[in-house]
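Okay, structure first, notes after.
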Amino acid sequence: MRNEIISLSIILMLLISPIALAAPGEANGTVTYVVDGDTIYVQIQGYDTRIGNITVRLADIDSPEMNTVKGPSCKQFAQLQLNGSSVTLDLDDKTGKDGSGRWVAVLYRKEQDGTLVNFNKMIVDSGYACICDYLNNEFDPLAWWIDADFAEACRLEMPDNRRINCTDVKCSNNKCFDGPVVGNEATGKYHYPCCPRAKEMDRSNAIWFISSEDARSRGYVPCNVCCYL
Ligand SMILES: [Zn+2]
């Protein structure tokens with residue numbers, strides 16, 4: 001009886017609050033093909049192979065097109081991370097599909113230990129895509145970093161001698177942002193999340209910006225360890 005009440009409560013909660021549906025698990029499947037850094041084919045679980053393939057456009061990021069210099073290496077990164085992987089999708093409940101019929105989604109890779117890795121975030125952290133916040137969907141890309149554990153904010157260790165050109169990733173349109181970057185309210189400097197200085201800063205001083213330009217417009221200056229202009 002108690003279980004039934006709990007189930008009923010969950011059903012009611014889902015009915016009342018559409019936001020409760022906005023989470024990974026709306027569709028599950030396997031990556032069958034990587035078109036480029038932001039477009040992926042997924043075979044949806046439980047469907048006939050002829051109709052189960054959907055095209056997913058990773059939400060709120062932009063990766064260089066295949067006819068650009070960087071396109072092939074971005075595709076290669078996505079292939080390496082995703083080909084054949086089990087994934088779960090958080091589909092955009094506002095728009096569903098984009099103008100080209102692709103499902104707009106945040107794609108999570110299912111790890112062996114059951115954890116989910118946000119691939120939209122990962123490809124930005126890895127430098128093969130940048131944020132492009134299409135405001136018409138349900139997602140707020142900056143939240144992927146704000147909610148992340150600080151030590152986990154970047155999955156790549158950044159070598160001490162490597163700095164990132166803040167405008168290194170050129171995407172297909174002008175709306176592309178190079179962020180996210182994190183500012184330190186105590187020092188007035190901003191960093192890429194991978195920066196060792198960012199990881200060691202006091203969490204209570206962290207302020208996130210969607211781009212380095214955004215950070216500079218609020219008076220922050222680039223960290224000389226991780227960023228140059
Ligand atoms: Zn830094």
- The residue from T39, T88 that alone is over 21 Å from T115 (Cα atoms) and modelled with pLDDT of 85 or more is T39
- Task: For residues that are of a type in the set (A, V, I, L, M, F, W, C) and near the ligand (Cβ under 9 Å from one of its atoms), scanning just region 202-229, find the one that is modelled with the highest pLDDT.
- Result: C223
- For residues that are farther than 22 Å from N120 by Cβ and within 12 Å of the ligand (Cβ to nearest atom), scanning just region 184-201, find the one that is modelled with the lowest pLDDT. P196
- When both residues are 6+ apart or on different chains and their Cβ atoms are under 7 Å apart, which pairs have a first residue that lies in region 214-229 and is closer than 14 Å to P180 by Cα and among the aromatic types (F, W, Y), and a second that is within 8 Å of the ligand (Cβ to nearest atom) and at pLDDT 80 or above? Y220/K189; Y220/Y190
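In region 188-205, what residues are assigned to a loop (DSSP other than H, G, I, E, B) and surrounded by fewer than 23 Cβ atoms within 10 Å (Cβ to Cβ)?
Matches in region 188-205: G188, C194, M201, D202.
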- Item | Residue pairs meeting the criteria (Cβ under 6 Å; at least 6 apart or on separate chains; first within 14 Å of P193 (Cβ to Cβ), in region 117-130; second in a helix (DSSP H, G or I)) | N118/W144; K121/W144
- So which residues in region 46-77 are without any contact (Cβ under 8 Å) to a residue 24 or more places away in the chain and hydroxyl-bearing (S, T, Y), if there are any at all? Y47, T49
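The values are calculated or read from the model by the stated rules, or taken from the named source; none is laboratory data. The structure displayed is predicted, hence computed values, not measured ones. Please note: Cβ atoms are built from the backbone with ideal geometry, for glycine as well, and neighbour counts cover all protein chains shown.
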